[in-house]
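Notes to accompany the following structure.
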Amino acid sequence: MANYNKVFLIGNLTRDPQLRYTPSQTAVCDFGLAVNRKSKTSTGEMREEVCFVDITAWGKQAETLAKYVTKGSPLLVEGRLTYDQWESEGQKRSKLKVTLEGFQFLGSGQRGAGGTAAAGAAGAAGGAAGTEKGSGGGEFTQDLEDDTIPF
């Protein structure tokens, strides 16, 4: 059976990113993301639930995020689930977190300085669609009209 581990999240940072370096000088950035979900209860009143997710970014993406985002910044994150285990005070502990593989800035003033998240995902989210900085280092923008989308 095939396996697939991919996560797309859109939310706001819960704290400023914490940048550190490994002994081999690889950048590591940890931050939290709050993802909101609104729904109606059976009585018709609106209810909002919040999911808090810990995220770890590595390398150049870690440095870029630490430089350009702060607490409250909206962000699209693409990554994979990672299972962490450790022991604290004699108790075994564990948690799921997201290891970042790509991202897209969504707020104003930071448009186009993102990682490698797919522009289509950002467009579906209504964010900074059509602006992406890929691994080739060149930035491109693509303005799409509703008539040009084939579906």
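The values are calculated or read from the model by the stated rules, or taken from the named source; none is laboratory data. Small disclaimer: the values here were computed from a predicted structure and weren't measured. All Cβ positions, even for glycine, are placed from backbone atoms using ideal geometry, and neighbour counts span all protein chains on display.
Table for the structure above
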read-out	value
Search result, residues across the range 30-67 that are touching a Ser or Thr at 6+ places or on another chain (Cβ under 7 Å) and either over 19 Å from Glu78 (Cβ atoms) or assigned to a strand (DSSP E or B) (or both)	Asp30, Gly32, Leu33, Ala34, Arg47, Phe52, Thr56, Trp58
Residue check for Phe8: part of a strand (DSSP E or B) and touching a helix residue (DSSP H, G or I) at 6+ places or on another chain (Cβ under 6 Å)	yes
Total residues in the range 67-109, condition aromatic (Phe, Trp, Tyr) and on the phi > 0 side of the Ramachandran plot	0
Residue among Tyr21, Tyr68 that is over 20 Å from Asn5 (Cβ atoms), of a type in the set (Phe, Trp, Tyr) and buried (at least 16 other Cβ atoms within 10 Å of the Cβ)	Tyr68
Residue list for the range 24-60, restricted to those being of a type in the set (Gly, Ala, Ser), loosely packed, with under 11 Cβ neighbours inside 10 Å and modelled with pLDDT of 95 or more	Ser24
Hits in the range 34-76 - residues which are touching a residue at least 60 places away in the same chain (Cβ under 8 Å) and within 21 Å of Leu96 (Cα to Cα)	Leu75, Leu76
